[in-house]
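S.K.: Got a structure for you, questions after.
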Amino acid sequence: MNVIYPLAVPKGRRLCCEVCEAPAERMCTACTVTYYCGPVHQKADWGSIHAKICQLLIPLRTSMPFFNSEEERQHGLQQLQRRQEHLIEFCYTVAQKYLFEGRHEDAVPAALHSLRFRMNVHGLSSVELVPAYLLLAEASLGLGRIVQAEEYLSQAQWTVLKSTDCSNATHSLLHRNLGLLYIAKKNLEEARYHLANDIYFASCAFGTEDVRTSGGYFHLANIFYSLKKMELADTLYTKVSEIWYTYLSSHYQALLHARTQQTDLLGKQFMNDTGLDEAQEAEAIRILTSILIIQESTSTQAPQKGILILKTLGILYYLMLEFSKAQVAAVSQPPVAVRTQADRTAVPLLKRMPATGQALNIQHGWHGQLSSLL
Amino acid sequence: MATFPPLSMTRTKLAVLARQKLPCSSKSIPRAQLIKEKDDIDYYLEQNIKGLSKEEVAAHRNSYKKSICVDMLRDGFHKSFTELFSLMEQWDKLREAAQARSLFWLQRPLEDQPDKLDNFYHYLTKAEAAERKGYYEEVYNNLYALACYFDNSEDKWVRNHFYERCFKIAQLIKVDGGKKEAEAEAHMGLLYEEEGELLKAAEHYEAFHELTQGRLWKDATGQFLNLIACESLVRTYRLLSDRMLQNRDYKQAIKILIKASEIAREGNDRSMEGEASYYLGLAHLASGEYETALSVLDRYSEISTSLDDELSLGRAYEAMAKVLQSQGEMTEAIKYLEKFVVIARNNFKSLDVIQACTMLGDIYNEKGQYNKASDYFQQAFSTAMEVTKTTLMDETKVHYGIARAHQMMLTMNGYIESADMNSLNCLLSWKETRTQVEYDPILGEARKATEDNIYQFPDAQEETRRSPENQ
């Protein structure tokens, strides 16, 4: 069943590979509506997105059942529309997450799916296509295919230029990717221009102190870092880490507050949650760790900054329920703090985290380390 | 590229003009001269037919605000950007608040004023660059320059924002012994004073005063900072005490004013000291401590005399007269008031003259010396006529009328009480004419007022004209 013969397909009906649009020779046996040119692409698609959406594709690709009344037909159409929109969002988020995790190869099929559904729903020249183009561009960049990335980006830019009503968020994303492209092409002048635009649009859309704006600052900082303008890069990195710290700590406080307020009332435990989607979490981890590495390698005179980042990372991991990593982050703070005798704020955090009672199994280890420290 | 000698071409005047206006045409080399070799075209195009660069396109497409922001960011001035951005957001909020209160919002947005944006860009980026290097003094200077630039009525809030920033920065500057800090304190004081938060203003001014004590710093106009500190502190204290007096909190007001006069004394400025003691005297008067009020005001008059300041001397006399009046020592009060009238008249202070004359008239009125009272009220009235202020004129007119009535009442009473033919005749004749009668206790006779006397008082005339109808 797995193999199909292109010659046996009825005339006028062309089966294309899901990934590369070449004539198909294989079919997914689970859904029987998806075709591939070979096992390589099938495996890639399965690993990336198909495993997650396999069954969801069936209603979209088979013909609609027969409905008796107009009302039912309308309802059926609406449902179809909704399914497609859901898939668009889902594929998009999955692709984004892969990107932030650095799995560019896996991101491509997911992004392609998102783009294809977008084309179906919104038409070819809609602004809605832009985010998918951007994802593809980012993935291609990650894979080192600069020409392809540029193609996607030009497509996106052209779409944005033509449209009159494009949100600031989309503008910001477009400019961020253009900036990344120019970084990859080593044209730092252009890259700076685009990243500045990115920050501007993101600020218009979300405000200057939002986590979604921080990405632009981070990339800009990277440029200045590679230009050896350390002071400048340092202020920007500090800005990014402050943005994340304020967001996460306020979220953490709100969570603590909610927990103390409501547990006795409903007996319900509040799950830890960062208030971010997966892609943003991945982005946060990537940004914060790379800043940390840079900080450690360059500055020895400002340990507070390092501590701030470690603290932020600690809270982040804690909220993401990754206690062992949280522990690593929290435990590596005090040595820095003690060594410099500048900041002892890290210790309360350490005490607070086992106190919440979630990380029971690592409590002992912590107390041991704490007592050895104090 | 090979250039051939120019062809002689005859053109009409209009064509020449048109050619001059065309941006692409080069004046020296006409087109016919250009004979292209193989790869020359690019050079020619570059020189003469210029396309738009990316920046130029961006400048055309985007708003000026955006270009400024992007320029800041691409050079890494993210703090400047954040500040500018938040200021613009604040402007939006202010406008919305104004709309909610259905006020007509006149102020243009910052985005539409490129010169202001340019200033923002210039100073903010400079300040940030200096801050990065730790030159706080320069940061302060740049921020202060911005504050000065926005020192007009419509951009007060921007100026206040930068005053606050200056204040924060100034606390980091330690090299100059606190001069910048003192200046920043002064600005904060001014800010709160304008907003009407006098307590906070006084706090900042106190800090300002403390920092400048014993220093010989001067500001840009060459005034001693310490003196300015004293002045503003005294002024704020006075405003505070005014507020307290309104709430009848005399003790506090006096306490504050005593503090003010001490500071004024420290400031080594006699006129300021006098001023402070004047207000202290008034506060004592309001709280009913007449003796202290008198002694304080005495000091004020002494200072004024030594400074040859007639105006303040007049004010001193006036205040003293008020104190004496409330003490009941009328003769003394009259003495001072007369001095005050003289001074005011010499200095052509019509309003003061009117006030003094009215007060004098009041006193005489109370004492029953109606002639004198009406005399002074007449003076007040005629002075009011000179300055042509209707409200004042009306007021003095009423006073004057009352005094005149009082004056006549005695005579009328005499006539009625004596109840003989003569008096009756007089009464009747007065009723017919309704003119001025003067009291003459010896003769008991009423004399008609002279014609010009009537002429001066249109009211009386009107009365006479109307009387037949009333009857």
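S.K.: Looking only at segment A:130-144, which residues have a backbone nitrogen under 12 Å from a spot 7 Å from the Cα of A:MET119 in the C-beta direction?
M.R.: Label zone hits: A:133.
S.K.: Rounded to the nearest 0.05, what FRET efficiency do B:ALA145 and B:GLN171 have when you use their Cβ-Cβ distance and R0 = 22 Å?
M.R.: Values: r = 19 Å, r/R0 = 0.86.
That pair, B:ALA145 with B:GLN171, gives E of 0.70.
S.K.: Continuing with the same structure: According to the Cα gyration tensor, what semi-axes, each the square root of 5 times an eigenvalue, does the equivalent ellipsoid of segment B:277-369 have, listed from largest to smallest in whole Å? Provide the component values of the computation, followed by the final result.
M.R.: On the way: eigenvalues 74, 66, 18 Å².
Three semi-axes, in Å: 19, 18, 9.
S.K.: Moving on to the next point. Mind listing which chymotrypsin sites (Phe, Trp or Tyr not before Pro) in segment A:55-151 are in a DSSP loop and have 15 or fewer other Cβ atoms within 10 Å?
M.R.: Details: sites: A:PHE66, A:PHE67, A:PHE90, A:TYR92, A:TYR98, A:PHE100, A:PHE117, A:TYR133; in loops: A:PHE66, A:PHE67.
Here the sparse-neighbourhood loop sites are A:PHE66, A:PHE67.
S.K.: Are there any trypsin sites (Lys or Arg not before Pro) in segment B:320-421 that are in a DSSP loop and have at most 16 other Cβ atoms within 10 Å? List them by number.
M.R.: Values: sites: B:LYS322, B:LYS335, B:LYS339, B:ARG345, B:LYS349, B:LYS367, B:LYS372, B:LYS389, B:LYS397, B:ARG404; in loops: B:LYS349, B:LYS389.
When the trypsin sites (Lys or Arg not before Pro) of segment B:320-421 are filtered for loop state and at most 16 Cβ neighbours within 10 Å, B:LYS389 remain.
S.K.: Can you tell me the FRET efficiency between B:GLU291 and B:GLN90 if r is taken as the Cβ-Cβ distance and R0 is 45 Å, rounded to the nearest 0.05? Present the calculation step by step, with values, prior to reporting the outcome.
M.R.: Working: r = 54 Å, r/R0 = 1.20.
Once rounded, the FRET efficiency stands at 0.25.
S.K.: Probe radius 1.4 Å, ligands and nucleic acids ignored: give me the carbon and sulfur share of the accessible area of segment A:1-138 as a rounded percent. Kindly include the intermediate steps, with their values, before the conclusion.
M.R.: Numbers: 4240 of 7630 Å².
Carbon with sulfur: 56 percent of the solvent-accessible area.
S.K.: Note down the magnitude of the dipole of segment B:114-168 about its Cα centre, charges +1 on Lys and Arg C-beta and -1 on Asp and Glu C-beta and zero elsewhere, to the nearest 20 debye. The partial results should precede the final answer.
M.R.: Values: 8 positive and 10 negative charges, 37 e Å.
Rounded to the nearest 20 debye, it is 180 debye.
S.K.: Taking a probe of 1.4 Å, how large is the accessible area per residue of segment A:43-124, in Å²?
M.R.: Numbers: 4630 Å² over 82 residues.
That works out to 56 Å² for each residue.
S.K.: Relative contact order, percent, of segment A:74-129 when contacts are C-alpha pairs under 8 Å separated by at least 6 residues? Could you put the intermediate results ahead of the total?
M.R.: Details: 39 pairs, mean separation 19.7, N = 56.
RCO, segment A:74-129: 35 percent.
S.K.: Here's a follow-up. With label points built 7 Å along Cα→Cβ from the Cα atoms of B:ASP298 and A:ALA8, find their separation and express it in nm.
M.R.: 12.7
S.K.: Let me ask you something else. Given labels modelled 7 Å from the Cα in the Cβ direction, how far is it in nm from B:LEU410 to A:SER167?
M.R.: Going by the 7 Å Cα→Cβ label model, 9.3 nm.
S.K.: Another question, then. With every protein chain present, what accessible area does A:HIS171 have (1.4 Å probe, heavy atoms only), rounded to the nearest 10 Å²?
M.R.: Result for A:HIS171: roughly 40 Å² accessible.
S.K.: Bin all alpha-carbon pair distances of segment B:105-153 at 10 Å intervals from 0 and give each bin's fraction as a whole percent.
M.R.: Bin by bin from 0 Å, the calculated values are 26, 46, 22, 6, 0.
S.K.: A further question follows. With each label point set 7 Å from Cα along the Cα-Cβ vector, what nm distance links B:SER63 and A:GLU151?
M.R.: It is 3.8 nm.
S.K.: How charged is the neighbourhood of A:GLY216? Take every other residue with its Cβ under 13 Å from the Cβ of A:GLY216, and add Lys/Arg as +1 and Asp/Glu as -1.
M.R.: Cβ neighbours under 13 Å give a net charge of +1.
S.K.: Which whole-Hz ³J(HN,Hα) couplings does segment A:134-140 yield from phi under the Karplus relation 6.51 cos²θ - 1.76 cosθ + 1.60, θ = phi - 60°, glycine and proline marked x?
M.R.: Per residue, the Karplus-derived 3J(HN,Hα) values read 5, 4, 4, 4, 5, 4, 5 Hz.
S.K.: Please give the solvent-accessible surface of A:GLU242 in Å², to the nearest 10, using a probe radius of 1.4 Å with every protein chain present.
M.R.: Roll a 1.4 Å probe over it and A:GLU242 shows about 100 Å².
S.K.: Order B:MET393, B:MET88 by their accessible area, 1.4 angstrom probe, all chains in place, largest first.
M.R.: Values: B:MET393 40, B:MET88 10 Å².
Result, largest first: B:MET393, B:MET88.
S.K.: Additional query: Report the Cα centroid-to-centroid distance between segment A:156-186 and segment A:203-262 in angstrom, as an integer.
M.R.: The two parts, judged by their Cα centres, are 22 Å apart.
S.K.: How large is the charge dipole for segment B:299-339, taken about the Cα centre, if only the Cβ atoms of Lys, Arg (+1) and Asp, Glu (-1) carry charge, to the nearest 20 debye?
M.R.: Numbers: 5 positive and 8 negative charges, 29 e Å.
Result for segment B:299-339 is approximately 140 debye, rounded to the nearest 20.
S.K.: Which order do you get for B:GLU137, B:GLU193, B:GLU128 if you rank them by accessible area with a 1.4 Å probe, largest at the top? Present the calculation step by step, with values, prior to reporting the outcome.
M.R.: On the way: B:GLU137 70, B:GLU193 35, B:GLU128 10 Å².
From most exposed to least exposed: B:GLU137, B:GLU193, B:GLU128.
S.K.: Under Stokes-Einstein, with the Kirkwood radius over Cα pairs standing in for Rh, what whole-number D in µm²/s applies to segment B:86-184 at 20 °C and 1.002 mPa s? Numbers along the way, then the final one.
M.R.: Details: Rh = 14.6 Å.
The diffusion coefficient I find is 147 µm²/s.
S.K.: Considering the zone a paramagnetic label at B:PHE348 would reach in this model (a point 7 Å from Cα along the Cα-to-Cβ line), which residues of segment B:382-410 have amide N under 15 Å from it?
M.R.: Within reach of a label on B:PHE348: B:386-388.
S.K.: Follow-up question, since we're still on this one. Projected onto the charge dipole of segment B:55-120 (+1 at Lys/Arg Cβ, -1 at Asp/Glu Cβ, origin at the Cα centre), which of B:CYS69, B:ALA100, B:THR82 gives the Cα projection farthest towards the positive end?
M.R.: Farthest towards the positive end: B:ALA100.
S.K.: In segment B:316-369, what chymotrypsin sites (Phe, Trp or Tyr not before Pro) fall in a loop by DSSP, with at most 11 other Cβ atoms inside 10 Å? Don't skip to the end; give the middle numbers.
M.R.: Details: sites: B:TYR317, B:TYR336, B:PHE340, B:PHE348, B:TYR364; in loops: B:PHE348.
Sparse-neighbourhood loop chymotrypsin sites (Phe, Trp or Tyr not before Pro): B:PHE348.
S.K.: If A:LYS311, A:LYS325 are ordered by their accessible area, calculated over protein heavy atoms with a 1.4 Å probe, which sequence runs from highest to lowest?
M.R.: On the way: A:LYS311 30, A:LYS325 95 Å².
The ordering from most to least exposed comes out as A:LYS325, A:LYS311.
S.K.: Another one. Output ³J(HN,Hα) for segment B:357-373: one whole-Hz value per residue in order, computed from phi by the Karplus curve 6.51 cos²θ - 1.76 cosθ + 1.60 with θ = phi - 60°, and x for Gly and Pro.
M.R.: Computed from phi, the couplings for segment B:357-373 are 4, 4, 4, 4, x, 4, 4, 5, 4, 5, 6, x, 8, 5, 4, 5, 4 Hz.
S.K.: Relative to the Cα centre, what is the charge dipole magnitude of segment A:201-264, using +1 at the beta carbon of each Lys and Arg, -1 at the beta carbon of each Asp and Glu, and rounding to the nearest 20 debye?
M.R.: Values: 5 positive and 6 negative charges, 39 e Å.
Dipole about the Cα centre, nearest 20: 180 debye.
S.K.: Next question. How big is the B-A contact in terms of buried accessible area, both chains counted, 1.4 Å probe, rounded to the nearest 100 Å²? Don't jump to the answer; show the numbers that get you there.
M.R.: Details: alone 28210 and 19440 Å², together 45770 Å².
The B and A chains share an interface burying roughly 1900 Å².
S.K.: Using only protein heavy atoms and a 1.4 Å probe, report how much of B:HIS122 is accessible, in Å² to the nearest 10.
M.R.: Spelled out: B:HIS122, probe radius 1.4 Å, area about 80 Å².
The values are calculated or read from the model by the stated rules, or taken from the named source; none is laboratory data. All values reported here derive from a predicted model rather than from experimental measurement. With ideal geometry, Cβ positions are generated from the backbone for all residues, glycine too; neighbour counts draw on all protein chains shown. Just the protein is used for accessible areas: all its heavy atoms, side chains included, with ligands, DNA and RNA removed. Shrake-Rupley method; radii C 1.70, N 1.55, O 1.52, S 1.80 Å.
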